[in-house]
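Student: What follows is a single structure, and I will ask about it in a moment.
Since every read-out is calculated from the coordinates, none of them should be taken as a lab result. Bear in mind that the values here come from a model prediction, so they are computed numbers and not experimental data. Here Cβ is always computed from backbone atoms with ideal geometry, including for glycine, and neighbour counts include all displayed protein chains.
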């Protein structure tokens with residue numbers, strides 16, 4: 001049966017339920033959030049309908065600028081670390097046997113599905129003084145006594161790379177599977193070492209994929225809402241943490257909503273960039 | 001790349017991924033209530049705690065119920081939508097595809113906050129069913145993506161043949177399309193189920209003050225210090241995810257589901 005345009009009104013029936021659900025429970029909540037971002041905050045956690053820019057004006061403070069700058073910097077660092085680690089890994093994975101591939105994919109998916117609560121807890125345990133990795137180093141004689149490695153910037157970064165690494169591999173996976181193996185074979189036949197073939201053939205051929213992946217991992221890392229809180233100090237809090245904090249603990253919904261709208265705009269801008277990078281990739 | 005280098009690299013990545021989980025598994029069998037690794041004495045009592053301690057048990061029950069229902073609702077939203085987009089030429093309907101993918105692409109805190117303001121405005125804030133709807137919308141992307149992939153892999157001539165032989169739309173769907181798409185429905189459901197089980201922020205912002213799911217319970221417990229039950233729940237979660245994804249891999253084509261061959265079907 002060929003695809004055909006809907007002829008009768010009845011042909012639209014299957015669309016009814018999904019369209020209604022997505023509109024009522026995604027578009028409307030999204031709109032509500034945008035509306036609330038212009039509302040006036042009252043004392044005691046309430047807010048009244050209004051149209052004020054006060055919540056957005058707070059962005060101009062030095063504190064907010066600091067948080068924003070830190071969030072972006074952290075997300076960029078996570079994205080770069082993940083792509084650098086995941087690119088050779090995924091490349092080699094796609095050249096392995098199917099069984100090994102499936103095994104790794106199951107492991108990566110399992111870790112990717114883990115709650116941030118659980119990842120945060122697991123790393124805070126690994127970085128703790130009594131059960132942590134430093135105990136092993138003491139046993140090996142590298143360190144004189146065990147100490148806690150958290151809270152610190154390194155702990156936040158490690159936790160976030162851990163969380164985003166499986167995601168990076170899964171984003172890179174389809175592009176690398178489709179990469180023409182004759183490309184590297186040709187380079188190898190012409191005498192390039194495997195490492196040289198990887199850097200001079202695979203990496204340039206995937207330039208646009210790498211750019212798109214960097215942006216996607218960046219967005220993913222920007223969404224991390226608990227790890228900076230669980231593994232870092234208050235100065236390591238990101239925009240996502242701040243939004244949660246304002247909404248739940250400070251009961252300042254309008255300000256939280258304004259920050260969320262801002263985060264959406266940043267994300268959408270980046271998604272647009274990814275699409276453009278992807279288009280260029282197809283054209284090349 | 002040389003084989004030794006590859007093995008070493010895979011070993012290090014594997015170690016990085018496994019290390020926190022190994023330590024957590026270690027502390028989960030510690031007999032005493034202290035956080036210590038390597039475990040000082042062996043005990044499985046903290047696993048019993050998940051099922052026998054009323055607080056943890058009710059959190060487990062809440063999480064599993066939420067995941068079962070929200071994954072079902074997500075599939076119920078995704079299936080007709082994916083089918084319509086495959087069967088009909090209606091470019092404007094692609095807007096719903098975008099809407100279905102959006103909640104998952106945006107930072108989760110945004111969906112969570114949107115849901116919080118919405119449920120608070122309409123007055124249902126804190127009702128358990130609001131979490132089911134919120135999770136279904138948040139995770140609808142997963143069945144939508146697997147089902148879209150599944151539909152593109154259906155050979156249209158099969159459907160054409162059924163139609164020529166006089167089968168009507170309903171019969172074709174039931175006897176030809178549904179059997180072909182079933183593995184994708186199952187894997188879409190499985191993905192949504194596992195992620196819903198683990199989800200924290202959306203659940204917390206919708207029902208966090210009235211009920212506790214397991215991730216919420218762990219987070220709340222974490223703020224007051226450490227109990228070994230957190231470790232045993234973590235191990236339970238990792239095992240559940242590995243078993244479910246293992247089953248998806250066993251009965252489906254995991255590399256294909258993850259996009260390895262998605263260009264073939266078109």
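Student: Helix-derived [θ] at 222 nm for chain A: sum -39500 (n - 2.57) over DSSP H runs of at least 4, divide by residue count, nearest 500?
Tutor: Computed mean residue ellipticity for chain A: -21000 deg cm²/dmol.
Student: Another question, then. Label residue B:22 and residue A:16 with points 7 Å out from Cα along Cα→Cβ: what is the distance between them in nm?
Tutor: Calculated label separation equals 5.7 nm.
Student: With each label point set 7 Å from Cα along the Cα-Cβ vector, what nm distance links residue A:4 and residue B:122?
Tutor: Between residue A:4 and residue B:122, the label points sit 3.7 nm apart.
Student: If r is the Cβ-Cβ distance from residue A:129 to residue B:220 and R0 is 22 Å, what FRET efficiency results, to the nearest 0.05? Let's see the in-between values first.
Tutor: On the way: r = 23 Å, r/R0 = 1.06.
With R0 = 22 Å, the Cβ-Cβ based efficiency is 0.40.
Student: Kindly express, to the nearest 10 degrees and within the range 0 to 90, the angle between helix B:141-152's C-alpha long axis and the longest C-alpha principal axis of chain B.
Tutor: Approximately 40 degrees, to the nearest 10.
Student: Determine the gain in length on full extension of the stretch residue A:192-residue A:178; use 0.36 nm per residue of separation and subtract their C-alpha separation, reporting nm with one decimal.
Tutor: Numbers: separation 14, 0.36 × 14 = 5.04 nm, distance 2.17 nm.
Value of the extension gain: 2.9 nm.
Student: So, by mean Cβ neighbours within 10 angstrom, what's the order for A:134-147, A:255-268 with the highest one leading?
Tutor: A:255-268, A:134-147
Student: Answer rounded, prolate or oblate for the protein assembly as shown, using the Cα gyration tensor with square roots of eigenvalues a ≥ b ≥ c: rounded when a/c is under 1.5, else prolate when a/b is larger than b/c, else oblate.
Tutor: Rounded is the answer for the protein assembly as shown, as its axis ratio a/c remains below 1.5.
Student: Measuring from label point to label point, each 7 Å out along Cα→Cβ, what is the residue A:80 to residue A:28 span in nm?
Tutor: 4.6 nm
Student: Quick check on packing: order A:209-217, B:158-166 by the mean number of other C-beta atoms within 10 Å, highest mean leading.
Tutor: Those peptides, ordered most packed to least, come out A:209-217, B:158-166.
Student: Connecting C-alpha atoms closer than 10 Å in a GNM of chain A, tell me which of A:230, A:222, A:126 has the biggest fluctuation.
Tutor: Of A:230, A:222, A:126, the Gaussian network model singles out A:126 as fluctuating most.
Student: Hey, in the GNM for chain B with a 10 angstrom Cα cutoff, which one of B:106, B:35, B:142 fluctuates hardest?
Tutor: Comparing B:106, B:35, B:142 in a Gaussian network model of chain B, the most mobile one is B:106.
Student: Across peptide B:91-99, what mean number of C-beta atoms from other chains lies inside 10 Å of a residue's C-beta?
Tutor: 3
Student: For helix B:108-122, what angle does its Cα long axis make with the longest principal axis of chain B, in degrees from 0 to 90 and rounded to 10?
Tutor: Rounded to the nearest ten degrees, it is 80.
Student: So what is the 222 nm mean residue ellipticity for chain B from helices alone, if each DSSP H run of at least 4 adds -39500 (n - 2.57) and you divide by all residues, rounding to the nearest 500 deg cm²/dmol?
Tutor: My calculation for chain B gives -24000 deg cm²/dmol from helical runs alone.
Student: Can you tell me the orientation of helix B:94-105 relative to chain B, as the angle in degrees between its alpha-carbon axis and the longest Cα principal axis, to the nearest 10?
Tutor: Rounded to the nearest ten degrees, it is 10.
Student: Residues in segment A:244-262 near a label at residue A:53, defined as backbone nitrogen under 16 Å from the 7 Å Cα→Cβ point?
Tutor: Of the residues in segment A:244-262, A:258-259, A:262 have backbone N under 16 Å from the label point off residue A:53.
Student: Next up: Separation of segment A:190-246 and segment A:53-97 by C-alpha centroid, Å?
Tutor: Here the two parts' Cα centres lie 6 Å apart.
Student: Hey, another quick one. Any chance you could run the full-extension gain for residue B:53 through residue B:32? It's 0.36 nm times the residue separation minus the Cα-Cα distance, nm to one decimal. Intermediate values should be presented prior to the final figure.
Tutor: Numbers: separation 21, 0.36 × 21 = 7.56 nm, distance 1.68 nm.
Once the chain is fully extended between residue B:53 and residue B:32, it gains 5.9 nm.
Student: Take A:41, A:129, B:250 and order them by how many other Cβ atoms sit within 10 Å, fewest up front.
Tutor: B:250, A:129, A:41
Student: Still on this structure, please answer the following. Please compute the Kirkwood hydrodynamic radius over segment B:49-257, one decimal place, Å, based on all pairs of different Cα atoms.
Tutor: So the Kirkwood estimate lands at 18.6 Å.
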